[in-house]
Each structure stands twice: as structure tokens, then as C-alpha cells.
Amino acid sequence: MSDNICIEVEDVNFHYNGNTVLEHVSFSVKSGEYLGIIGPNGGGKTTLLKIILGLLRPDSGVVKIFGQRSDELEKRYRIGYVPQKASQSEFYFPATVEEIVKSGRTARAGLFRRYKEEDYKAVEKAMEIAGIAENRGRLISKLSGGERQRVFIARTLAGEPKILILDEPAVGVDIASQEKFYSFLTYLNRELGITIIFVSHDVGVIADEVNTVLCLNHRLVCHGSPERFIKEEFLEEVYGKKVTSVFHRH
Ligand code: ADP
């Protein structure tokens, strides 16, 4: 395996109750890459993420993270995961922004160990990077969808991840905040060197932000640069003609 590859997915197959969800999926992700995974709803995107994270076991095939099987990964905090609808969930418990971000350090600091100075520093830095330090004392339930999304990203940053995986991150973020949100992700990728995997059904967003596109509809329909994706006929195959014309405005 090349040193530069941080995720390797090798011939992964998966089904739920006899329904095939993933078929012979193979690809790799380089360190520092910004990968967009798109595909229609039900195409297997979330399932693939869960397999990459080691939360689900493939029927066959293997996923390696930094050369280690994902279900046996020791330094799990190296992958930050922001699940779908994280920012939309109802928060009945009275947690503050700072408490939520701090909880993201636990996997790294150890559950039963006191936080050290480096842990407090990492939490502080994560809040600053995400631009939420001034909101530290506010209850998460009082924040907008966009603000909550940043809290959940800061929570993963507190673990100082090498890879950040986001599932439909813009859902629940108002349109006005979306552009800022995307430039924030680009900053994390370009300036901090964090490898990003961004899942969305929104084709336009993906093309603008990422440097590689992977299109998944149970199997890998295409994998390459956004330009290649636009030129070739994959979009029509997966989404139909309507989306192709929308996409061409970019
Ligand atoms: P996507 O993220 O692309 O929308 P998913 O990975 O969520 O796709 O789902 C792929 C397929 O697997 C869908 O048909 C979905 O209904 C099915 N599925 C997802 N989770 C489960 C589950 N826990 N049990 C049974 N079927 C599931």
C-alpha cells in the first residue's frame, strides 16, 4: 500500500435482509484528498460510510484505514464522523456548546482519565477553528442548524482527526450559512490538511467543493475528477436528464 493512501476499500459487498446494497465496491482515498460521494437516495452511501467506520461489517471484502482493518482500528479518534441529521436532532438535555465539544476529546484522552492541559488546549482550538468559542456557554438547543453543525464538527476536531467524514452535512443549514460552511470545510482540507469525505445527494455542491467525485448506486458508477464526471454520461445514468441540465450551470 502506498504511504499516501489513507483509506482502501477492497471489493466490498453488503446486503440487508437479502437486499444487496453494495456490490464489488473498490476505491482508495489519498491523504489530503477532498472526496465527494454522491448518488441517489437508497444507493448505499450511508451504509458505505458505516463500513468505512467499522460500524458495519461487509459480507465480503475489506476496508483498511492507514493500513489497518477498519473494524480493528486502534486509534479510532483519527476519523471524525458527523452523522446525518446530527444538527437536526432534538436536544432535550441541557448540554452547552463547550460540553459537547469536550465530549469529542474523550476517545482520545481516555474515558477514565482526567483531562490534561493538551486536552483542554485541543478543545479550545477546535472551538476557535469552528468559530464557536463565543458561544461556548450557550445551550445547544438554542442554536440554529448551521451553528449546531459547527459544534458537531468542532466536536470531531477536538479529537484531532486525520480524516473527517460528513454525511449530508448541509441538511438543516440555512442557505445563507451554507456558503460559509463550505468554505470552512475547504479551509479544514487545504489549510489543516484534513482528508474529507463528504456525502451528499446534491450534485451541484459536490462539483464545486471537492477534488474527487465518487458516484455510488449500489456499485461504483464513476470515480474521478468533477470535470470528468460532468463530461461523461454518468449523471444521466444515475439521476436522469433533469439533473444534468442543472449541473451544467457550474
Ligand atoms: P443512502 O445513504 O445512499 O441513501 P443507505 O445506505 O442509507 O443509502 O441505504 C441503502 C439501502 O439499504 C436502502 O434501500 C435502505 O432502505 C436500506 N437500509 C439502510 N439501513 C437499513 C437497515 N438498518 N436495515 C435494513 N435496510 C436498511
* Lone unmet requirement of (1) assigned to a loop (DSSP other than H, G, I, E, B); (2) closer than 26 Å to G146 by Cβ; (3) away from the ligand (no atom under 13 Å from the Cβ); (4) at pLDDT 85 or above for F93 -> (4)
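Taking the criterion of being of a type in the set (D, E), within 16 Å of the ligand (Cβ to nearest atom) and part of a loop (DSSP other than H, G, I, E, B), would at least one residue in region 39-61 satisfy it?
yes
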* Do we have any residue at all in region 64-79 that's touching a helix residue (DSSP H, G or I) at 6+ places or on another chain (Cβ under 9 Å), of a type in the set (K, R) and at pLDDT 90 or above? -> yes
* To do: Kindly establish whether G36 is in a strand (DSSP E or B) and at pLDDT 95 or above.
  => no
* **Output for region 1-38, where each listed residue is within 16 Å of the ligand (Cβ to nearest atom) and of a type in the set (A, V, I, L, M, F, W, C)** => V9, V12, F14, V21, L22, V25, F27, L35, I37, I38
* Among the numbered conditions (1) within 16 Å of the ligand (Cβ to nearest atom); (2) free of Cβ contacts under 8 Å to residues at least 60 places away in the same chain; (3) part of a loop (DSSP other than H, G, I, E, B), tell me where E74 comes up short. => (1)
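The values are calculated or read from the model by the stated rules, or taken from the named source; none is laboratory data. Please read all numbers here as calculations on a predicted model, not as lab measurements. For neighbour counting, all protein chains shown are included, and Cβ atoms are generated from backbone atoms with ideal geometry for every residue, glycine included.
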